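**Student:** This is the structure, below, for whatever I ask next.
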2 protein chains.
Amino acid sequence: MSTRPRASLKDIAAELGVSVATVSNAISGKGRVSEELGERIRATALARGYVPSLTGRALRTGRSGVLGLVLADIANPLFPKIAQAVEAAAATSGYGVLIADSRGDVTEQTQAIRRLMERGADGLIVVPRRGTRVGEIGLPVAVIDTPSTPGNTVSADHWGGGRQVIGHLAGLGHRHFVLIGGSAASNVQNDRISGMRSALPAGARHTLLWAEGPGRAPGAPLGLAALAAGGATAFASVSDLIALRALTELQSAGLAVPEDVSVTGFDDMVWAGVVTPGLTTLHQDMPTIARHAVDELLRMIEHPETASAVPPGGVPMRLVVRQSAAAPRAARTCPTEGAKPT
Amino acid sequence: MSTRPRASLKDIAAELGVSVATVSNAISGKGRVSEELGERIRATALARGYVPSLTGRALRTGRSGVLGLVLADIANPLFPKIAQAVEAAAATSGYGVLIADSRGDVTEQTQAIRRLMERGADGLIVVPRRGTRVGEIGLPVAVIDTPSTPGNTVSADHWGGGRQVIGHLAGLGHRHFVLIGGSAASNVQNDRISGMRSALPAGARHTLLWAEGPGRAPGAPLGLAALAAGGATAFASVSDLIALRALTELQSAGLAVPEDVSVTGFDDMVWAGVVTPGLTTLHQDMPTIARHAVDELLRMIEHPETASAVPPGGVPMRLVVRQSAAAPRAARTCPTEGAKPT
DNA sequence: CATTGCGGGTTAATCGTTTAACCTAGCCGC
DNA sequence: GCGGCTAGGTTAAACGATTAACCCGCAATG
């Protein structure tokens, strides 16, 4: 109780005996107000704990100061990082973030976008469902997907990440690879796979496997032990979730990781650091990506005539070396003290 | 382009030659409008694609139609489910959801709440940082934590979940338990542990372990293999993340799960279903929890005089039986065809 | 001296919606 | 015939901030 309605411009104007317009000018620094009066106004505004009503401002200016974050992929484990980074970036620019989840459904996604528009979002940040494109909606939109997707605004350099991880494995001495994808419909995953392929050393053998491919039951084993028996030593997955699946499947089959086989993931999810052995994976620089996406969106909103300032290509991914990838047995010529780092 | 500003009440009024008030009345069904005119107004509103400006309404009514979701625990893996459920529940009630992440910092949490209030959130849903309480802020607040926390509004029955999992393990024949917590500062985890303890069968032995306890390096091994060597057969964790840590640590040490030891988790995170063996864990009914939280919040906002309608006690958790928990060797008197279920 | 310029404000309109108050016929009852 | 009631509207005043337009006095300038 007694949380009296916040002070408005009118209250302050009344207290000082000046007009609302002057108060508004003094606070925004736009019109012409004498230095002395301006100072007095700002002082009492502070004293009264004045906070501008964003609603009032929104009505007048037609801009709500809110960005919509549209997450299309159901319960995406990357979501916390994205949401956190986007919210932080938006907050430093004075914007709020309204969320909308479409639970993986395309029509639901349209509904979600409509809801955000009705709420007056000034722009949208869309992390699209694998492979789907977001249509024209009459609102500034920033898309976070992968550089090769048409209409993509900013994203990590998934292709380069794929190159890095294979380069790392090849450098350790691996020559027989298994590349494990999730869904072939995902642009991101395809780019990661392409990058991996492009970095395979000459003379290397490799097998490509889709975990959610046709004819494979959702939870069915991937049959990795058999591949290992066939000589494969490096299992590079396009996501940490698949890497985890691979890791535990191999361990359950009695194979030692990384002594017998190496496993790598993608995205540096929360569990990558806690499993044994720690998962070697690629980290996405979400704060930078979100910063770029928000900046780009604000540019479109506030200065539609200017050109994009987002650097082309993706934001580099960073290889996080843990313990799940090591030299294969055959290549163990000069072991570097298998002990864990400090 | 040419996305002309949406039709307003004024436009419709002008088109039909009536006053704005009448249009407003006809659409909201509040004032007195003749059946015939009302029908005509609604028809043209539909034809013109009229969507009420929530900003205008907010300014007039003082309510924004937006709820704030405050997530305090950094990158909480449960976040996607919470956000998704809350957003869905809010959307069906015509509300939007504004997010705020405090990155685990308490002062940052205050800032985040302040930002939400400035944006005119009508109420807040807070998932507090472990153990912290949210102070009085002059806005309706629903807290999702655990039933034993003062000020908690709704949550899962963590205590009952603990009972269930130990009951399940005891039923399988286990008599020597290791209970693994994360942080002793978490109310939720403490309740889960208490529930577990309360369900220990007579004569059972148990050890309590805190993964983030003092004197333990963040990523350091938990030493579970030694406990297993000492006779422990059931490892019950308070979270799937810790269960995953336990599972992989035990597997790396050469122990077979569930043949040698059983492992259970909590929360049914996305990875619980994909690891080998699948993790037996407890599922939170987030949609129901979110529904209760949102309903309660809307009740406080729209009918402050009425009493709470949230059923006391927590929302029951559901045991999800996968393959990580089975009868211990010694108790394998009548094996039920060790094969996996269909 | 008359005009222009400008510093320092004020007035008033506007965004879109809601709602209390008011107005005007028509009709009924007395 | 007239007061009162009602149905069916209209008017107008908010909500809070922004901003174009205007106004006034004083100084400088021709």
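**Student:** Could the peptides A:80-92, A:212-224 be put in order, highest first, of the mean number of other beta-carbon atoms found within 10 Å of their residues?
**Tutor:** A:80-92, A:212-224
**Student:** Would you please name the GluC sites (Glu not before Pro) within segment A:17-49 that are DSSP coil residues with at most 13 other C-beta atoms within 10 Å of their C-beta?
**Tutor:** Nothing satisfies the criteria.
**Student:** Quick one: with all protein chains in place, what share of the accessible area of segment A:40-137 is carbon or sulfur, to the nearest percent (1.4 Å probe)?
**Tutor:** 53
**Student:** In a solvent-free Debye calculation with one equal scatterer on each Cα, what is log10 I(q)/I(0) for chain B at q = 0.09, 0.10, 0.13 Å⁻¹, listed in the order of the q values?
**Tutor:** Taken in order of the listed q values, log10 I(q)/I(0) reads -0.61, -0.70, -0.98.
**Student:** With all distinct Cα pairs included, what does the Kirkwood hydrodynamic radius of segment A:1-112 come out to in Å, to one decimal, could you say?
**Tutor:** 17.1
**Student:** Once the Cβ-Cβ distance between B:ALA256 and A:GLU39 is put in as r, and R0 is 45 Å, what FRET efficiency do you end up with, to the nearest 0.05?
**Tutor:** 0.05
**Student:** Starting with the highest mean, order A:282-288, A:247-253 by the number of other Cβ atoms within 10 Å, averaged over the residues of each peptide.
**Tutor:** Put in order of decreasing packing, that is A:247-253, A:282-288.
**Student:** Using a 1.4 Å probe on the protein heavy atoms only, what accessible surface does A:HIS303 show? Give it in Å² to the nearest 10.
**Tutor:** The accessible area of A:HIS303 comes to roughly 90 Å².
**Student:** Here's something else I'd like to know. What net charge is computed for the residues neighbouring B:VAL310, neighbours being all others with C-beta under 12 Å from the C-beta of B:VAL310, Lys and Arg scored +1, Asp and Glu -1?
**Tutor:** That sum, taken over residues with Cβ under 12 Å, equals 0.
**Student:** Ignoring everything but the protein chains, give the 1.4 Å probe accessible area of A:MET269 in square angstrom, nearest 10.
**Tutor:** Counting only protein heavy atoms, A:MET269 exposes about 20 Å² to solvent.
**Student:** Among A:LYS10/A:LYS30; A:LYS30/B:LYS10; B:LYS10/B:LYS30, which pairs are too far apart, with a Cα-Cα distance over 20 Å?
**Tutor:** A:LYS30/B:LYS10
**Student:** Shifting gears a bit: Among residues other than A:ILE41 whose Cβ falls under 15 Å from its Cβ, what is the net charge (Lys/Arg +1, Asp/Glu -1)?
**Tutor:** Charge balance in the 15 Å sphere: +1.
**Student:** Then there is this: Per-residue ellipticity at 222 nm for chain A, helices alone: DSSP H runs ≥ 4 residues times -39500 (n - 2.57), over residue total, nearest 500 deg cm²/dmol?
**Tutor:** After summing the helix terms and dividing by residue count, I get -11500 deg cm²/dmol.
**Student:** If the label for B:ILE137 sits 7 angstrom from Cα along the Cα-to-Cβ line, what are its distances to the same label in every other copy, in nm to one decimal, shortest first?
**Tutor:** 2.7
**Student:** To the nearest whole number, what is the average tally of beta carbon atoms from other chains within 10 Å of the beta carbons of peptide A:77-89?
**Tutor:** 5
**Student:** Another question about this same structure. Take peptide A:110-119, look around each residue's Cβ out to 10 angstrom, count Cβ atoms belonging to other protein chains, and average those counts.
**Tutor:** 3
**Student:** Rank these by accessible area, largest first, 1.4 Å probe: B:THR61, A:THR22, A:THR264.
**Tutor:** Reading off the accessible areas and sorting them downward yields B:THR61, A:THR22, A:THR264.
**Student:** Rounded to the nearest 5, what % of the DSSP beta bridges within chain B are antiparallel ones?
**Tutor:** Among the beta bridges of chain B, antiparallel pairing accounts for roughly 10 percent.
**Student:** Given the convex hull over the Cα atoms of segment B:9-52, what projected area results after averaging over all orientations, in nm²?
**Tutor:** It is 2.6 nm².
**Student:** How crowded by other chains is B:60-73, given as the mean number of beta carbons from other chains within 10 Å of each beta carbon?
**Tutor:** Average per residue, whole number: 2.
**Student:** If you take the beta carbon distance between B:ALA229 and B:VAL51 as r and set R0 to 60 Å, what does 1/(1 + (r/R0)^6) give as a FRET efficiency, to the nearest 0.05?
**Tutor:** Efficiency computed from Cβ-Cβ geometry: 0.35.
**Student:** First measure r as the distance between the Cβ atoms of A:ARG32 and B:LYS10, then evaluate 1/(1 + (r/R0)^6) with R0 = 45 Å and state the FRET efficiency to the nearest 0.05.
**Tutor:** Approximately 0.85, to the nearest 0.05.
**Student:** Can you work out which chain B residue has the shortest Cβ-to-axis distance for the rotation that carries B onto A, and give it in Å?
**Tutor:** Checking which Cβ lies nearest the axis yields B:GLN251, 2.
**Student:** A follow-up question, please. Above 51 Å lies some portion of the pair distances; for the protein assembly as shown, what is it as a whole percent of all C-alpha pairs?
**Tutor:** Here the long-distance tail beyond 51 Å is 19 percent of all Cα pairs in the protein assembly as shown.
**Student:** Can you list the copy-to-copy distances for B:VAL20, using a point 7 angstrom from Cα toward Cβ, in nanometres, shortest first?
**Tutor:** Counterpart label points of B:VAL20 in the remaining copies fall at 1.4 nm.
**Student:** Further question: Sort shortest first the distances from A:SER148 to its counterpart in every other copy, using label points 7 Å along the Cα-to-beta-carbon line, and give them in nm.
**Tutor:** 5.2
The values are calculated or read from the model by the stated rules, or taken from the named source; none is laboratory data. Worth saying up front: this structure is predicted, and the values here are computed from it rather than measured. When we count neighbours, we look across all protein chains shown, and the Cβ atoms used for this are built from the backbone with ideal geometry, even at glycine. Protein only, heavy atoms only, side chains kept; ligands, DNA and RNA dropped before computing areas. Shrake-Rupley method; radii C 1.70, N 1.55, O 1.52, S 1.80 Å.
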